[in-house]
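To start, I am sharing the structure in question, which I have written as structure tokens.
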Amino acid sequence: MVLIGPPGAGKGTQAARLAAHYRIPHISTGDMLRMEVRQETPIGLQVRDRLAAGLLVPDALMLGMVEHRLLQKDAKQGFILDGFPRSPYQAEALQRLLERIQRPLMAVVQLIVPDQEIVVRLSYRRCCSLCGKTYHLMYNQPQREGYCDIDQAPLVQRDDDREDAIRTRLQVYHQQTEPVVDYYRRTPLLREVHALGDVPSISLHIQNLLKGAAA
Ligand code: ADP
Ligand code: AMP
């Protein structure tokens, strides 16, 4: 399945829960790119500035990474894509790739959250500097202030969760990614979810919607 929605809609939060529930990998293209940046690989050095500014990275690079990841063994029984596709070009390329490897999508879940709430969610988001787990300074606090519950590493703010990058990312979402929702609206795959409210209720709602998804 694909999870789609604006930055800060809760895709990573929900994908982690759904991945545990269905025992399939959560594939976040943002996490994959941030790992490249952290490890200062050639790809990381190439994309670092675009990530920090909130701009999309080149399609060809992203498609290569996604294809490589989807062909790994753990994705054989299914996968949750978070952050991909982000443009109609990527959606069409994904469609061709999945046809080629004979793994059709079962559902595309759109998380709907108004822009004002996005700004609140992103400005207060903090992530573990080691494992990447996400917290929120008001809605989802760590047990010990400033440190991750899992590995006690310090929490940090993402470079692209600063005010100017948040504005850019929202613009990029409306201009380049919303047309992907229209693309899937023309198929039977799209499920719309109003993603305000508590995290477990939203997960349950998604699971209920997926019960009706075609295999
Ligand atoms: P995305 O992956 O779509 O960018 P995240 O899952 O990282 O979004 O969520 C963005 C921020 O909002 C995080 O700080 C997260 O803890 C918080 N958050 C996620 N879901 C909810 C929710 N239902 N209500 C309030 N805050 C939420
Ligand atoms: P995310 O973690 O999904 O918010 O993504 C963080 C950043 O990674 C985005 O702002 C883009 O710079 C880059 N990125 C992630 N996924 C894609 C994608 N599918 N296409 C292009 N850029 C992406």
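Values in this text are rule-based calculations from the coordinates and carry no lab data. Computed from a predicted model, the values in this text were never measured in an experiment. Here Cβ is always computed from backbone atoms with ideal geometry, including for glycine, and neighbour counts include all displayed protein chains.
Please compute the Kirkwood hydrodynamic radius of the chain from all pairs of different C-alpha atoms, in Å with one decimal.
On the way: mean 1/r = 0.0564 Å⁻¹.
Roughly 17.7 Å, rounded to one decimal.
Same structure, new question: Multiply the residue gap between residue 89 and residue 198 by 0.36 nm, knock off their C-alpha separation, and tell me the result in nm, one decimal place. All intermediate terms of the calculation are to be shown ahead of the outcome.
Numbers: separation 109, 0.36 × 109 = 39.24 nm, distance 3.34 nm.
Net length gain for the segment: 35.9 nm.
Give me the distance in nm between label points sitting 7 Å out from Cα along the Cα-to-Cβ direction at residue 186 and residue 53, one decimal.
Here the modelled spin labels are 3.1 nm apart.
Can you tell me the length gained on complete extension of the stretch residue 112 to residue 176, counting 0.36 nm per residue apart and subtracting the Cα distance?
Details: separation 64, 0.36 × 64 = 23.04 nm, distance 1.61 nm.
Gain on extension, residue 112 to residue 176, equals 21.4 nm.
What does the helix-only formula give at 222 nm for the chain: each DSSP H stretch with n ≥ 4 adding -39500 (n - 2.57), the total divided by the residues, and the result rounded to the nearest 500 deg cm²/dmol?
Details: 9 runs with 99 residues, N = 215.
It comes out at -14000 deg cm²/dmol, rounded to the nearest 500.
Same structure, new question: Charges at C-beta only: +1 for Lys and Arg, -1 for Asp and Glu. How large is the resulting dipole of the chain about its Cα centre, in Debye rounded to 20?
Working: 27 positive and 24 negative charges, 117 e Å.
Here the size comes out at about 560 debye.
Here's another thing I want to ask about it. Would you kindly derive the ³J(HN,Hα) couplings of region 190-198 from the backbone phi angles with the Karplus curve 6.51 cos²θ - 1.76 cosθ + 1.60 (θ = phi - 60°), listing them in order in whole Hz, with x for Gly and Pro?
Running phi through 6.51 cos²θ - 1.76 cosθ + 1.60 with θ = phi - 60° gives 6, 10, 9, 10, 7, 9, 9, x, 7 Hz.
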